[in-house]
Every structure is written in structure tokens, then in C-alpha cells.
Amino acid sequence: MSATDASARPGPPRPRRRASQSPGQPQGQGSPRSQGSPSADGAGPVSPTGRAVRRRPSWRRTLRRYLTVGSFIGPALLGIAIFLIFPLGTALESSMHKFGILDAPGTWYGLGNYRYLLHDPFVHTAAWNTLWFCLIMVPAQLVTGLGSALLLTKMRSASSLYRTIFFLPALVPTVAGVLAFVYLLKPGVGPVDTLLGKVGIEGPLWFNSPSWSKPSLVLLAMWSIGNTMVIFLAALLDVPSSLYEAASIDGASAVRQFRHVTLPTISPVLLFTTVINIIATLCLFTEAAVAAAAASGAATVGGGAASNFGYPQESTLTYPLYIYQTGFPQNLLGYANALAIVLFVVTCAVLAVLLRRFRSFTEGAS
Amino acid sequence: MKGHLRQSHRDGAKVARRHRTRLVGMVAIGAAIITAAAACTPSTHASKPIASPGVTASGTITFWHFFTDRESAAIKGVVGDFEASHPNIKVIVKDGQDDDKMTQAIAAGGGPDVGLSYSTDIVGKFCQSGAWQDLTPYIKRDKVDLSQIPGPVLNYTQYNNKRCTMPFLNDAYGIYYNKTMFAAAGITEPPKTLDELTADAKKLTKFNPDGSIKVAGFDPSFGVYENSAAHFAPMTGAKWLTDDGKSAIGTDPAWQDLLNWQKSLVDWYGYNKLTKFNATFGDEFSAQNAFEAGKLAINMDGEWRIASIAADKSKVDYGVAPIPVSAARASTYGSGYITGNVIGISRGSKNPEAAWTFIKYLTTNTDAMVKLANGIKNVPTLTSALNSPNLSADANFKLFLQISANPATSTTPPSGAGTTYQDDMQAFVDKWQAGKVSNLGTGLTQVDSQINQALSIAG
């Protein structure tokens with residue numbers, strides 16, 4: 001979509017050059033689809049093969065239909081079976097065994113790993129940290145993403161330049177981004193801290209303080225918002241401007257327009273980004289691991305990647321990091337599988353609740 | 001307008017409903033898996049008979065190690081020597097490999113022919129599970145003289161009398177002290193006891209006008225550089241595990257001595273002030289290392305720091321000494337913590353003969369070991385190499401050789417649950433130094449039960 005479209009959309013109503021263009025118009029004469037169907041009876045896109053099929057015996061028709069459908073969904077089903085269902089089944093089976101990675105399959109342990117999980121203080125810490133990120137990081141990402149997308153739609157000139165600038169951080173590799181943040185925010189010597197000191201503010205310890213390490217990661221997540229922003233931007237530009245025109249004729253304020261026109265129209269996209277961000281946050285691993293290693297000053301120590309997880313004081317020990325720590329350095333792979341199964345179930349439950357809540361939200365919007 | 005709104009709302013609801021149906025489907029699939037859990041049984045590798053004496057090994061082998069940069073280049077040089085003297089064997093070297101990665105590769109039936117690990121923590125699980133092959137048949141066949149290897153080193157390279165690894169140099173820990181700062185504070189010799197360490201640390205510490213720390217005499221914070229419960233334990237002789245492999249942390253009073261001493265020094269600085277100071281440190285393996293940069297007067301570190309200081313061209317004028325010990329353990333002064341690199345043959349190796357030839361060269365050939373030790377500045381693990389005139393050891397390096405050979409020197413014990421006991425203890429001491437533990441005794445007992453429970457779910 002072009003820059004002029006962008007500037008025209010959610011802004012104040014003004015005469016539209018192509019406002020009445022119907023979606024059917026571009027498909028007029030000469031489009032490949034209408035050429036491909038020589039409809040002598042004038043019945044439109046019904047193809048002659050359709051009639052041929054009707055004359056065949058029904059079992060062949062059914063078989064053919066199944067083959068057609070099967071050939072389309074087959075590869076996807078195969079992928080799901082190999083890469084989702086099989087590993088999930090293996091994980092479930094493994095979670096009921098006591099074993100380390102080197103002595104698989106180990107000995108049967110029933111629900112022992114799950115019982116242990118209830119009393120493991122590290123699970124509580126890790127689950128709390130991950131929950132914290134879901135409650136703070138996801139809304140922060142959504143608000144920043146939607147906010148910057150809204151800003152971009154208001155941009156009159158050079159909007160593609162601003163879009164590029166806003167999107168750039170998303171192109172930075174995660175590890176590089178985290179390292180840059182850790183060094184920029186490094187207490188005492190980092191540029192941010194130095195600047196804050198110049199204006200008389202004593203900066204916090206950022207990644208080195210157990211109470212600031214999580215907010216620092218949220219800042220990082222808000223910085224690299226590009227992907228979410230682009231999705232929102234596309235959705236915002238798709239809101240029909242006639243709705244805004246109608247709303248402003250009815251005398252709706254900008255806030256009311258946002259609440260009653262923009263939000264309901266982009267709600268499917270809002271749901272999509274929420275779901276995606278929640279899943280990503282439940283799986284938060286790289287950012288927390290790299291930040292802990294870099295902030296603890298031991299990023300290059302050959303002591304195993306997992307030895308710094310959670311620094312400082314387990315404040316960044318997310319649930320997936322704990323799964324890794326138990327599964328590999330601690331050699332408790334059965335237990336790690338139990339943790340993973342619980343994460344899977346929790347993810348499904350969270351999404352189920354979210355989708356239900358969201359439905360009532362969109363119903364309430366009208 | 002109303003019509004539009006209703007339409008868009010309906011669309012939204014439809015999408016939401018569709019998502020929901022899909023989700024229900026996913027949950028149903030998940031439930032189906034419960035009834036159809038697939039079995040996962042990787043093949044167990046039966047030990048193959050080894051070749052008869054005198055057979056020359058040949059072929060290509062892969063070798064993974066964890067070293068990088070300067071140290072990796074030294075390894076490359078020695079591998080070159082090996083290939084020159086064994087023209088039938090080609091070694092493909094991959095550097096910077098993490099233990100976890102190697103473990104996963106071996107478990108999947110692959111992995112390198114020869115692997116090098118930085119951690120004696122893996123010896124337990126690798127020997128027990130057979131992830132690394134038993135080397136005894138090769139050692140017996142080739143009549144390798146194990147008496148060339150010092151006793152403590154022999155011990156940490158085997159588990160339950162099964163030798164699946166050979167020692168490949170080791171690391172010894174001591175303290176580094178800044179001679180310039182010592183002279184300025186009027187201290188003539190490095191501290192020998194924990195009380196002396198505390199007194200010196202206080203004398204050497206300098207504060208900025210705003211009260212923040214400029215130079216710390218000794219930074220006792222756990223989690224900073226090499227400061228960990230494992231490396232501090234020999235100061236009071238604190239024991240990790242009992243003889244039957246359970247946690248000894250709650251019952252050994254030496255832990256309380258160590259932690260109380262550490263906390264008193266932390267509190268002298270003030271925990272928050274110290275944390276703020278620590279946050280300004282550069283990365284451990286860089287020229288911004290706080291000791292090299294003059295922010296620490298005394299620091300605990302391994303023998304490799306000698307080479308790092310030289311490589312970083314740091315101007316620090318330093319001396320080295322064994323770690324200070326508690327007054328009750330004054331007789332053990334001169335010992336310390338050691339950890340060794342261990343090398344072994346993966347169970348999936350296609351060419352164990354060539355792999356063994358390579359390991360034998362690296363770990364029992366005096367000249368090769370001396371060259372390696374000179375190159376990466378680690379401690380040799382052969383008596384002949386330790387005494388070799390070619391070993392370039394200045395007075396500082398010699399001290400680490402002595403620490404390594406001291407009979408009271410110790411390391412962290414192997415455990416079936418890997419690093420669990422150290423991870424749990426690290427989490428505890430982090431809370432402890434932050435002042436979040438009200439009763440040390442009760443806290444340590446809780447750590448005990450955590451570790452023992454984790455041991456109960458280990459395979």
C-alpha cells in the first residue's frame with residue numbers, strides 16, 4: 001500500500017478519490033479467471049468438469065474428493081505428526097521416567113516427576129518470572145506496537161522512512177540486541193547511566209539488580225517491537241475510511257472513534273498478536289539467558305551456558321530456562337520433560353481462556 | 001454506521017470462534033497422544049573388541065574442545081604435531097564446543113570421536129552411562145603407566161573405578177594480588193588466613209567521594225567472576241556430599257563458617273554498594289577484567305590468568321598465593337580448588353582405535369603435554385611434564401603447580417544429578433549474601449532436602 005493511502009486512512013474525513021471502488025471491479029473482462037471458464041450457459045465460474053463429475057458413480061466421486069483434500073492437507077498433517085505429535089508423545093512418555101539424557105529410556109517413575117514438581121521451589125520462582133513477563137511484557141508490547149502503528153498512520157510525509165526506522169530494531173539479531181542493551185545500560189560505565197548521571201538521576205542497576213532485570217528485559221522487548229507493529233499497521237490501514245467518515249458525521253470524538261471503529265475492526269489482529277506474543281513470552285529463553293550471562297560478566301567463561309541462568313538472584317530464570325537447566329546440566333531429563341508437558345498444558349489453557357475472554361470483549365465493543 | 005459496526009463485530013467474533021475451534025482440536029490431539037505415547041528406545045552400544053597390540057590405527061577422527069581464541073590456536077599446533085607424527089590419522093578439530101551440546105550429540109548416537117570437557121562434573125554421568133567408552137582395555141593393552149599421573153587427578157578422572165577419561169591438563173585456583181596496592185597500604189605479604197584476608201581487604205579498599213567503591217580490597221560476592229561456593233569451599237574445607245552421595249551441606253559446620261565469614265565482609269562494604277560496584281566490571285575474559293583494570297586488589301582466579309594478563313598487555317604488577325584458609329585449617333594452607341579438563345572417546349565413535357591413539361598422544365606424551373601446557377598455560381597432568389626442563393614456568397606459574405600437587409587440594413565431587421547440588425547452593429548463597437536468609441542453619445538444611453529430592457529423581 002502506498003504512502004497516500006496511509007495518510008488518508010484513520011485521519012479526519014476528507015474527499016476520497018477512489019472511495020466508491022468496489023472489490024469486484026478489477027476482475028472485469030480479461031481477467032484470467034473469467035477467460036478460463038468458457039461458460040456457454042452463462043452460469044459464471046461453474047466449470048464443465050463440475051458437470052462431468054456429477055455423472056460419475058458416487059464412490060468414485062467420494063474417493064476423488066478425499067484424494068484431492070488429502071493431497072492438500074497431507075503434507076501439513078505429516079509435518080504435524082512428525083514435528084508435533086511424535087515429540088509430544090515422546091515427551092509425555094519420558095516425563096514418566098527417571099533418566100538422564102545418556103541413559104535413556106531410564107526407569108518407570110509414573111507421576112513421580114509431577115509430584116516433585118509441586119514441591120520444587122525453583123519451579124515456583126521460574127513460573128512466577130514467566131507469569132510476570134506475560135502480565136507486563138505482553139501488554140507493553142501490544143501497547144507499544146499499536147501506539148507506534150497509530151503514530152505511523154498519522155504520518156503525512158516520509159512515512160516509509162519512519163516505518164523503516166521503527167522496524168529496524170526487529171532486524172537486529174536477538175543476541176546482538178541483548179548484548180547492546182546490557183552494555184548501553186551498564187551501571188557506572190554505560191552511556192545511558194552516564195547521561196542519566198549528567199542530569200542528576202542515579203540510574204538503577206538495570207540487568208544487575210533483581211528488581212530491575214525484568215523491567216530491563218521489557219524495555220528491550222518494547223524496543224524490538226517491529227514485527228507486532230507491522231501487523232498492526234497493516235490492520236489499521238485496512239479499516240475502511242467510510243467508517244470514520246460516518247462516525248465523524250455522527251459527531252464521535254477521536255477517542256470514541258478509536259474505541260468503536262478502530263478496535264472492533266482490528267480485533268482479530270489484536271487477538272492474533274496477543275496469542276503470538278503470549279506464546280513467545282511463555283517460551284522466553286534467549287533474551288533472559290544472554291542478559292544474565294552478559295550482565296554477570298561471565299559471558300565467555302567455558303563453564304557451560306547454563307551456569308549463569310537467572311542472574312541476578314534467579315530474577316530472570318524463566319520457566320524454559322529452568323527446563324533446560326534441569327534437562328541438561330542437571331541430568332534430570334525425565335523431570336525436564338514433565339516440566340515441558342506442564343508448560344504445554346498451561347499454554348493451551350491460557351490460550352483457551354484468552355480466546356473466550358476475547359470473544360466477550362469484542363461482543364462488548366458493539 | 002451501525003450496520004458496519006455490527007458486520008465488523010460479527011467478523012471478529014467469527015474469527016475468535018474459529019480460533020477456538022482450532023484450539024479445541026489441538027487439545028483433542030494432545031489428549032489423543034496420552035493414549036498413544038510413542039516409545040523411545042535408542043540403541044545401546046555394545047562394546048566392540050579392541051585391536052590386538054601393534055596394530056597401527058588410521059583414518060579420520062573428529063575432536064571437539066571448548067577452547068577459543070588464543071587457547072584454541074595452541075591446541076591446533078599440538079594437533080598439527082600429532083598429524084605429522086601419525087600420517088595415517090587425520091583430525092578434524094571443532095573449537096568452542098559446550099558440554100551440553102556434546103552430551104546431546106552423544107545421546108543422539110553421534111558426537112565427536114574424541115571429546116574434551118572443561119568439567120569434572122560430567123565424569124560421573126559419562127562413565128556410568130557409558131557415554132564415553134571404558135579406556136581400561138586400551139590402557140592395559142598399551143601398558144600405559146598411570147603412576148605418572150598424580151593421585152587426585154587419577155581420582156577425578158574415574159567414577160566407581162571405571163576409567164572412561166584421561167586427564168588433559170588441569171586448573172588450579174589461588175589468589176592474585178596487586179603488588180602496587182599492597183605496597184601503598186603497607187602490606188608486605190599476601191593473607192594466609194580468612195581473618196588476614198578480611199583485614200587486608202579493608203585496608204586496601206578505597207571509596208569515591210560519593211561513598212561508592214573505587215577499589216575493593218577483596219570482593220567476596222558470590223557470582224562475580226570465579227567467586228563461587230565450589231571455589232571457596234576449600235577455604236574452610238566444606239564438604240558437598242556424604243560418602244553415600246547425599247548432600248552434606250546442612251550437616252557440615254564448615255559451610256556455616258565459610259558463609260558467615262563471607263557475609264561479614266559483604267556487610268562491611270554494604271551489599272547494595274558492592275552490587276553496584278560489581279555491575280561496573282568488564283567481562284571476565286577481556287582486558288576489562290576488574291583485577292587487570294585495577295578495581296580489585298586481591299582476586300581469586302585460576303592459573304590461566306597469568307597468560308591472560310600477558311596477552312591483554314595489562315600493566316598490573318601482581319603476585320600470586322594460595323587461597324587463605326580458616327584458622328582451624330591452617331595446616332592445609334598451600335592447597336586449593338582444582339578442576340580438570342577430561343578427554344574421552346564417545347560411545348558412537350566409528351574409529352575408537354585412532355581416537356585412542358590421539359588421546360594417548362595428548363595425555364601421556366611428555367613433549368606434547370609440555371607444549372600444550374606452555375601454549376594454553378594450564379597445569380600439566382603428568383609428573384614427567386611437571387618436572388620437564390622445557391616447561392616454561394616462572395615463579396608465579398610454579399605456585400599453581402604446587403597447589404595442584406598439594407595432597408589437601410580438592411575438587412567438586414561427581415554426582416548422578418550433574419551440577420544440581422552446585423546450582424541449588426548457588427541460588428542459596430545469592431539469597432544469603434543479599435541478606436534474604438534469616439536462619440543460616442535452617443536454610444542450609446532446606447538446601448540439603450532440595451538436593452536430596454533432586455537426587456531421588458535422577459536416573
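Every number here is computed from the coordinates shown, using simple stated rules; none is lab data. Quick caveat: nothing in here was measured; it's all calculated off a predicted structure. Every residue, glycine among them, receives a Cβ derived from its backbone with ideal geometry; neighbour counts consider all protein chains shown.
Observations
- Counting Cβ atoms of other protein chains within 10 Å of each Cβ in B:123-131 and taking the mean gives 3.
- If R0 equals 51 Å, the separation of the Cβ atoms of B:D367 and A:L161 corresponds to a calculated FRET efficiency of about 0.20.
- 10 Å-binned pair-distance histogram of the stretch A:115-365 (Cα, whole percent): 7, 25, 30, 22, 12, 3, 0
- The slack between A:T194 and A:F72, meaning 0.36 nm per residue of separation minus the straight C-alpha distance, is 38.0 nm.
- Relative contact order of chain B, defined on C-alpha pairs under 8 angstrom at six or more residues apart (%): 24
- Listed residues B:T366, A:A295, B:P253: farthest to the positive end of the dipole of the protein assembly as shown (Cβ charges): A:A295
- Here the stretch A:80-175 is treated with +1 on each Lys and Arg Cβ and -1 on each Asp and Glu Cβ, and its dipole about the Cα centre works out to around 540 debye.
- Taken about its Cα centre, the stretch B:230-313 carries a charge dipole of about 340 debye when Lys and Arg each add +1 at the Cβ and Asp and Glu each add -1 at the Cβ.
- If the chain linking B:K143 and B:Q104 were pulled fully straight, counting 0.36 nm for each residue of separation and taking away their Cα-Cα distance, it would gain 10.8 nm.
- Qualifying trypsin sites (Lys or Arg not before Pro) for the stretch B:300-335 [loop in DSSP, other Cβ within 10 Å: at most 14]: B:K313, B:K315
- Normalised by residue count, the protein assembly as shown yields a Cα convex hull volume of 232 Å³ per residue.
- With Cα atoms defining each centre, the stretch A:156-224 and the stretch B:71-143 are spaced 42 Å apart in the structure.
- Dipole of the stretch A:115-365, positive end: most advanced residue of A:I278, A:L333, A:Q257 [Cβ charges, Cα centre]: A:Q257
- Altogether, the Stokes-Einstein calculation at 25 °C and 0.890 mPa s, with the Kirkwood radius of chain B over Cα pairs as Rh, returns a diffusion coefficient of 99 µm²/s.
- If you plug the beta carbon distance of B:A328 and A:I201 into 1/(1 + (r/R0)^6) with R0 = 51 Å, you get a FRET efficiency near 0.60.
- Per-pair calculated FRET efficiency, R0 = 45 Å: B:I50 and B:K94 via Cβ, rounded to 0.05: 0.95
- For the stretch B:354-405 versus the stretch B:146-214, the gap between their alpha-carbon centres in whole angstrom: 20
- Farthest toward the positive end of the dipole of the protein assembly as shown, out of A:G110, A:A81, B:A297, is the Cα of A:A81, where the dipole comes from beta carbon charges about the Cα centre.
- Tensor-based shape of the stretch B:158-307 (alpha-carbon gyration tensor, a/c under 1.5 rounded, otherwise prolate or oblate): prolate
- Of all DSSP bridge pairs formed entirely within the protein assembly as shown, close to 65 percent run antiparallel.
- Sum of side-chain charges, B:M235 neighbourhood, beta-carbon under 10 Å (Lys, Arg +1; Asp, Glu -1): 0
- A simple spin-label model places pseudo-atoms 7 Å from Cα toward Cβ; at B:L154 and A:D238 they are separated by 7.4 nm.
- Peptide B:272-281 has a mean of 6 when you count, residue by residue, the C-beta atoms of other protein chains within 10 Å of its C-beta.
- Within 10 Å of the Cβ of each residue in A:83-93, the mean number of Cβ atoms contributed by other protein chains is 5.
- Test item: Cα-centred dipole of the stretch B:142-204, Lys/Arg +1 and Asp/Glu -1 on Cβ, debye: 100
- Within chain B, percent of DSSP bridges classed antiparallel, to nearest 5: 65
- Distance histogram for the stretch B:47-103 (every C-alpha pair counted, 10 angstrom bins, percent rounded to whole numbers): 20, 40, 31, 9
- Given their separation in residues at 0.36 nm each and the Cα-Cα distance between them, B:N387 and B:A185 gain 69.0 nm when the chain is fully extended.
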